1. Would you kindly state how much longer the chain becomes between Lys100 and Glu302 on full extension, computed as 0.36 nm times their sequence separation minus their alpha carbon distance, in nm to one decimal?
2. Could you give the dipole magnitude of segment 230-319 about its Cα centre, charging the beta-carbon of Lys and Arg +1 and that of Asp and Glu -1, in debye to the nearest 20?
3. At 7 Å along the Cα-to-beta-carbon direction for both Ile226 and Ile45, put a label point, then send me their distance in nm to one decimal.
4. With r as the distance between the Cβ atoms of Leu119 and Lys314 and R0 = 45 Å, compute the FRET efficiency 1/(1 + (r/R0)^6) and round to 0.05.
5. Extending each Cα 7 Å along its Cβ direction at Lys239 and Ser409, get the distance between those two points in nm, one decimal.
Amino acid sequence: MKKTFMLWAYAILLLAVPVAGAAALRPPAGAETEEPDAIQMNKPIEFPHAGVRIALPGGFEPLMLTEEFQVMAATRAGGRRATQSLSLSAYPVEGKTTAKEVLDELLKPLKQDLSFRYLKVIKETKTRIAGIDGKARRLSYTHRGVKTVAVRACFIREVELPGAETKTIPAKLNAKAQVRPYGGSQDRPTASKLYVAYVLTMEVALKHEKTLLRTFDAVVQAMAMIDFRRPIEIPIDFKGPFLKEFSQGYIIRMPKGWVGGHNELGVFTEQADYLLGGIASPSVQVVSAVVPETMTDQDCGEKAIEYEAKLGVKIEVLSKGPIKLAGMDACQYVLRKSIPLPLAETQPATQEGKPPPASQPTQTRPAIRPAEMPPSASVIEVLRLLNVPAFEKGKARHYAIIVSCKDSSVKQAVEFMENLAKGFSLVPIPGEESEEEEEY
């Protein structure tokens, strides 16, 4: 098989600005001539995996989350086009990272994106959100021909990690200690700190500029910090949007409020676990590949396990057996895996004591710490596999749903797969009609 069963880890970034900070960003006196109407707010929504509660202004509709570390995204349409957007993300960062550094890093991709023109930071000011000092900026730019103004604010929350066995992080803040959170090759400490950069962004078409700061203020006033909880232990609504891969002949329904999209293997969906430093857990990857018709779904599973074992992954098969997927006979593996050290840590060092350049990953956001999997943490992986006849003679199409849960129980992982698999369906692949269908 050319495709392998690989899992992906991502996290989430939150966006927020204080009333005083937003007021400092207001246009000069006299720019607003009309008496502003009161901003109607919807009922607050809790995002316990990200430790935050936020309310959307009236008329804003939630969007599917597609970006790493994203917690919330919503738009309000004016006519046929969205004219106002609001987003919230939460990035895990190092203890010495500042809000200004995060905001600077988030500007870099905009400067490199040709769809953004005339980008300017009009004003920057200190701010205080939920009792935490931060930075706020007023921006202007033209995006795909639309003149746009925006407010973006960032503050960094610091909380204590009470220990490996604790399943929630108290919302209590501690602004003094500078202890690095665990991650990478570092074992989980019994007590440490977690640093999360929350970023709240609102952008509107220039013609709606007068509503920007008032709406942003209302969102900030409704924000509150809450306890962090692990995604695997939060009740999950499995009736979210569909991820569609028509070219491979399947669709799957992702959990509501999760990040999801397409990658080189197929489709994925995941939720950041901040108790594990921001890695994605649970994470889901769906893979499809054409294999010889003589291969069964179990053959494909054994081949995938063999491949990963050759890479140094230690795998224990806890169970395997028949099951259903999309109403057809399939098989399921439940595995316990230990993840090897990152490649950069297993390569020989250079004279400077660093791994060779080819083994060093590209860091696009230096101020934001990428989530890493501690090698000491256990991984429970559930694979549900299905083979069906392919359009090409002598071939079969193999489907695999892979659920990966870090530091979770077998029961939790299996129950998650059982609920997720109910939303998986096969659909016709365009251009692969049978001869009988072509006669009509």
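1. Details: separation 202, 0.36 × 202 = 72.72 nm, distance 4.91 nm.
That pair, Lys100 and Glu302, stretches by 67.8 nm at full extension.
2. Values: 8 positive and 13 negative charges, 75 e Å.
Dipole magnitude for segment 230-319 comes out near 360 debye.
3. 1.2
4. Values: r = 48 Å, r/R0 = 1.07.
Working from the Cβ atoms, E equals 0.40.
5. Each label point lies 7 Å from its Cα, and together they span 2.7 nm.
Where a number appears in this text, it was derived from the coordinates with a stated rule and is not lab data. Remember, it's a predicted structure, so these values are computed and weren't measured experimentally. Using ideal geometry, Cβ is built from the backbone for each residue, glycine included, and neighbour counts are taken over all protein chains shown.
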